[in-house]
Amino acid sequence: MGRNISVAVLLILLAGAQSQHSVALSSRSLCALTGSTVKIPCKYTSSSSSVRAREWYQVQRSDGEPQDLSKDPQYLGRVSVSTQWNDCTLTMNNVKVSDSGVYNFRFRIWSREWISASSGITLTVTDLKVTRPNTYRWRTTLNCSSTCTLPNNPTYIWYRNEQPVYNQDTNELYMYDYSAGSYSCAVRGYEELRSPAVCVYGKDSCWSVTYVTQSICALIGSSVDIRGYYTFPDQQPTPQPAWYARLHLQVTELSHADDRVEVFSHRANVNTLRLKHLTESDSAEYLLRFKAPYMIHTDSSAGVSLSVTGLKVNVDSPAVPGSEGQTVTLSCSSTCTLPYNPTYIWYKNGQRVSHCTSVSCSVSAVRDAVSYSCATEGNENLLSPPVYAPRNTRALMVSSGERVEGDSVTLTCSSEANPPVLTYSWFKQRAAADTLLPTVQNYSISNISSQHSGLYYCTAHNQLGQHNSTTTLLDVLYPPRNTRALMVSSGERVEGDSVTLTCSSEANPPVLTYSWFKQRAAADTLLATGQNYSISSISSQHSGLYYCNAHNQLGQHNSTTTLLDVLYPPRVPSVTDRVSGDSVTLLCYSDSNPISNYSWYKKTGSGVILLGNSTNLTLATGAVGLFFCTALNQFGSLDSSEYSVPTGNPAGTYAVSGVTVGLFLTLTAVCLWMRGRTTAVSSRSEETSAKRDSIPVYDNVSALDMPSDPTNDDILYSNINFTRCHTQEVSLYSTVQLTMALSQEEETEYARVNFSACKDETHIYSTISRT
């Protein structure tokens, strides 16, 4: 007893679970005309949202296991199933007699087997046919019949010799002997699905060829059936029909060898041409004709005009440049009107767009690579070419090679886009904000300079949006310029320091070689190569003007000069004298940087006495003793050697000896110049003082536009040192530079005079400068 109760409970639970999943069909049978479109309403319910699969299939197929109609080659491109939730309505286009059968829908969730309706729906596909059930001598009755009962009590249309017979809207037509001709019938609303015609009473008037429709619009890649009906007199043998294509007045019979062409006749007086995998070149007028000897009866008849079209997405409401997110309206169009008022399907990047089911669809303008395409329901595999905003945008130089300052260059922008790009814009990339350049596809710059160097990119814009290219580099080459020579560190540079000079220059390509030079009066000296020039332990000899030269493959450029000023303490001071009347002026000079300050001292028995702070010291008549000077700057100080002023009349002694030697040397130099730069040797005796054994005389005479008055203090300078000698030879060396007097021959003359009058050697060196 308990076991029976358990089984009963289980059955109740199973029945309850089964009631949660069901399929409902609107009817059990359906009759449809050959060539028409059939819709089979269907609904299904499921307590689970995870429907694993769903499909329509034909029950009791002769070839075994039921197969999903959408995958069955026999129905390919002709069936579609509603994608709305819980709606499983089946649409079947262009039905034919072979489609007759029982159809059912089923679905499956993850945890169950297939769930389907308890019984399917029987579809019967029928042709219209004109029959003559009753024929009398003076009257004939025609009947428009089908193999199944058409739904909704249809209204019929009769045709006599291809013209409608008015006031005859039932499926029966009564005729009399004066009404001979060719008759056919159709259901109102399906006029293109006319029945084959029959010949009544007449003979020649019964030759005819008619078509379901005079024009057909079909998609590229699809298949199309062109059906022709023909009649002929009953007494004639059955003629042989054939299909022809007429294009530009040229008529060509279709070849049965073409695997895209299929001709068949599935009922009397009806012949069908099937063209598969249509292309645009298949657009033509197609004719059904009788072959000889009956060709004359159909030769002039009009055929069926076939237009093969592809779907195209048009942008009806374009976006403006830079309007990302703006709504754009798309429409799916064709060059001819597709039959059966098709349902449109939209795809975004290959995925179906659920909110778009009509001929138009609204989307957003984008910058990304998003594409849209459309198809018709039942022909989902025949997608339109996609439309998309620009993508793969590229900015390129028109030529591969170096671009030198002064050249011309052209940048070109390319992009993939459908619809084609409307506008190209160019930009130069900058740190703050990019600069908008001309709005052209090709951007040209003439006479380029380094200012044009940089990164450029372009923007392509069409009705759907815009896209930026990656950047391209415009690298303008030019020779060095703005070359500068600088000290690495600032501040004073003292003797013994190290110093580094550096050279910088603007150049593209970069500077290949830097060279360093020191500026000199005669010719500049090449010091070294390299961007930096270093000197260790600098001295006063390194002071001067330096510059560098920058060189690359396109040229070279010199910098301006920079001064290297080496600071150093005083060198050993030298003392010279100047005689003026009864006084002698001593002058102190020392090489130093910066310039030294000078002080004069006199040695005494107990020390030294500061006489003054100046470069000059004037001694009064009768002054005697040892004198010296001191040179001082911030880096050090040095004393000169002691200078002795002898007793007596030093001013007179210095003046006589200085004038005598100066005049002698001047006359000697002038004679040497007049004799054509030859050297003369002469000897003379020189009286010496009892107080001096041998006297080398060194005399520096500067003759500056020498005046006639020899007593002028600013003309004659003499430095005489007395040194004892032991030979009798006297040598006289004179260097004379007469700048003004000898302007035609600016050269230095040397004269040597040997004296043998005394036993001791006396050397006299004289330098005379005239400027």
Greater than 28 Å separation of Cα atoms is the criterion. Which listed pairs, Lys71/Lys129; Lys129/Lys312; Lys71/Lys276, meet it?
Lys71/Lys129; Lys129/Lys312
Among 374-385, 632-643, 245-256, how do they line up from the highest to the lowest mean number of other beta-carbon atoms within 10 Å?
374-385, 632-643, 245-256
Estimated distance in nm for a label pair at Ser489 and Asp524, the labels positioned 7 Å out from Cα along Cα-to-Cβ:
2.8 nm
Förster-model FRET efficiency, 41 Å R0, Ser540 and Ser583, C-beta, rounded to 0.05:
0.75
Heavy-atom accessible surface of the stretch 436-508: percent carbon and sulfur, 1.4 Å
46 percent
Taking 0.36 nm per residue of sequence separation and subtracting the Cα-Cα distance, how much length would be gained by fully extending the chain between Asn558 and Val608, in nm to one decimal?
12.4 nm
Probe 1.4 Å, all chains present, heavy atoms only: Ser36 accessible area in Å², nearest 10, is 10 Å²
Give the shape of the stretch 213-289 as rounded, prolate or oblate, defined through the alpha-carbon gyration tensor: a ≥ b ≥ c are the square roots of its eigenvalues, a/c under 1.5 means rounded, and otherwise the shape is prolate if a/b is larger than b/c and oblate if not.
prolate
Put Trp346, Trp207 in order of accessible area, largest first, probe 1.4 Å, and you get Trp207, Trp346
Would you mind giving the average projected area, over all directions, of the Cα convex hull of the stretch 366-496 in nm² with one decimal?
13.8 nm²
Whole-Hz couplings from phi, Karplus 6.51/-1.76/1.60, listed for the stretch 592-604; x for Gly and Pro
7, 8, x, 4, 7, 9, 10, 9, 10, 9, 10, 7, 10
For the stretch 359-474, the dipole about the Cα centre with charges only on Cβ (Lys and Arg +1, Asp and Glu -1), to the nearest 20 debye, works out at 240 debye
Starting from the 7 Å offset along Cα-to-Cβ, what nm value, one decimal, do you get for the label separation of Ala302 and Thr472?
5.6 nm
How high is the FRET efficiency between Ser453 and Asp87 when r is their beta carbon distance and R₀ equals 45 Å, given to the nearest 0.05?
0.10
Modelled label-to-label distance, Ser399 and Ser364, 7 Å Cα→beta-carbon offset: nm?
4.7 nm
How large is the accessible surface of His551 in square angstrom, using a 1.4 angstrom probe and rounding to the nearest 10?
70 Å²
Karplus-derived HN-Hα couplings along the stretch 76-87 (A = 6.51, B = -1.76, C = 1.60, θ = phi - 60°), whole Hz, x at Gly and Pro:
4, x, 10, 10, 8, 10, 4, 9, 5, 4, 6, 10
20 °C / 1.002 mPa s Stokes-Einstein diffusion coefficient of the stretch 42-104, Kirkwood radius on C-alpha pairs, µm²/s:
166 µm²/s
With r as the distance between the Cβ atoms of Gln20 and Ser118 and R0 = 22 Å, compute the FRET efficiency 1/(1 + (r/R0)^6) and round to 0.05.
0.90
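The values are calculated or read from the model by the stated rules, or taken from the named source; none is laboratory data. None of these values were measured; they are calculated from a predicted model. Heads up, the Cβs are rebuilt from the backbone with ideal geometry, glycines too, and the neighbour counts pull from every protein chain shown. Please note that ligands, DNA and RNA were not included when accessible areas were found on the heavy atoms of the full protein model with its side chains. Shrake-Rupley method; radii C 1.70, N 1.55, O 1.52, S 1.80 Å.
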